[in-house]
Amino acid sequence: MAGPGTEMSATARRRNASGESTRVMLMEVAERLFATRGIEAVTLREIQEAAGQSNTSVIRYHFGSRDGLIRALIAFRLSTLGTERQEMLARMRDEGREADPRAVVWLLVRPLANSIKAGEMFVPFLARLSEEPRARTDYWPDHLDDDWTQERLEELVEAALQDLPERVRRGRTFQLYTSLLNVLAESARSGHGIGEAQLHNYVDGWVGMLTAPVSYETRGLFAESEQR
């Protein structure tokens, strides 16, 4: 026969499980609303109502604030993306492909594509977030593992482009990140998904953009600007 302590422990576990499921549901609802309408266009009340919650304090209870909700959402999704990227990077290193531009592009793309395939709206949420000047200072969790920050990903891309001048590398890295985030985000918003053939086609284009020869005109203009 179970004692009072056992019954209380089981009750606490059920309460904790219920609280965690509510927390995850709020993040998923917020993610969808932020992705479709924009970060600043969505109120806490709209998230609460869309999640079917009658308690007007539910978001503040679980996250403390609107910014806390956004930080929790980012940490929640990036934990999965980070694990997947770590596994991919380990395979790349085993195969000697850590500096292969195509492998590095897939390192960026595949986890995001898998997120879209799972029905998540994190990619379009990230695209919306990238438009916010306050994204890094106010929304990005300061406790995240540094392995998969945007800066770390940019370092991996630039390391795969060592044959190109530094300014070209930096420009193309920015171009790659902006392009893939917005292209994949639009696919997620459309609801049609991304076929594997189309995904490979996108990757072909991004790899071509990264590795394209630098024209004489571009080299000349960079040289002129450095002399000023």
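The values are calculated or read from the model by the stated rules, or taken from the named source; none is laboratory data. Source: prediction; values computed, not measured. FYI the Cβ positions are ideal-geometry reconstructions off the backbone, even for glycines, and counts take in every protein chain you see.
Miscellaneous remarks
- Residue in the range 129-144 that is closer than 22 Å to residue 38 by Cβ and of a type in the set (S, T, N, Q) present: yes
- Test: residue 226 is surrounded by fewer than 14 Cβ atoms within 10 Å (Cβ to Cβ) and closer than 29 Å to residue 34 by Cβ: no
- Only listed residue being among the small types (Gly, Ala, Ser) and either in a loop (DSSP other than H, G, I, E, B) or more than 16 Å from residue 31 (Cβ to Cβ) (or both), chosen from 72, 99: 99
Okay, residues lined up against (1) surrounded by 13 or more Cβ atoms within 10 Å (Cβ to Cβ); (2) in contact with a Ser or Thr (Cβ under 6 Å, 6 or more places away or on another chain); (3) at pLDDT 90 or above; (4) among the β-branched types (Val, Ile, Thr):
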| residue | (1), (2), (3), (4) |
| --- | --- |
| 120 | yes, no, yes, no |
| 125 | yes, no, yes, no |
| 132 | yes, no, no, no |
| 146 | no, no, no, no |
| 155 | no, no, no, no |
| 162 | no, no, no, no |
| 176 | yes, no, yes, no |
| 188 | yes, no, yes, no |
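- Number of the exception - residue 89 against (1) in contact with a Leu (Cβ under 6 Å, 6 or more places away or on another chain); (2) farther than 28 Å from residue 191 by Cα: (1)
- Pairs where the first residue, in the range 93-119, is within 17 Å of residue 163 (Cα to Cα) and in contact (Cβ under 8 Å) with a residue 12 or more places away in the chain and the second is of a type in the set (Asp, Glu) and in a helix (DSSP H, G or I), C-beta under 9 Å, 6+ apart: 102/204
- So residue 39, is it modelled with pLDDT of 65 or more, in a helix (DSSP H, G or I), out of contact with any strand residue (DSSP E or B) (no Cβ under 6 Å at 6 or more places or on another chain) and not aromatic (Phe, Trp, Tyr): no
- Near pairs, Cβ below 6 angstrom, 6+ apart or cross-chain, from the range 179-205 (under 19 Å from residue 31 (Cβ atoms)) to any residue that is among the polar types (S, T, N, Q): 194/187
- Single match in 203, 183, 214 (criterion: surrounded by 14 or more Cβ atoms within 10 Å (Cβ to Cβ) and closer than 15 Å to residue 104 by Cβ): 203
- Being closer than 20 Å to residue 199 by Cα, modelled with pLDDT under 95 and crowded, with 17+ Cβ neighbours inside 10 Å is a property that holds for residue 85.
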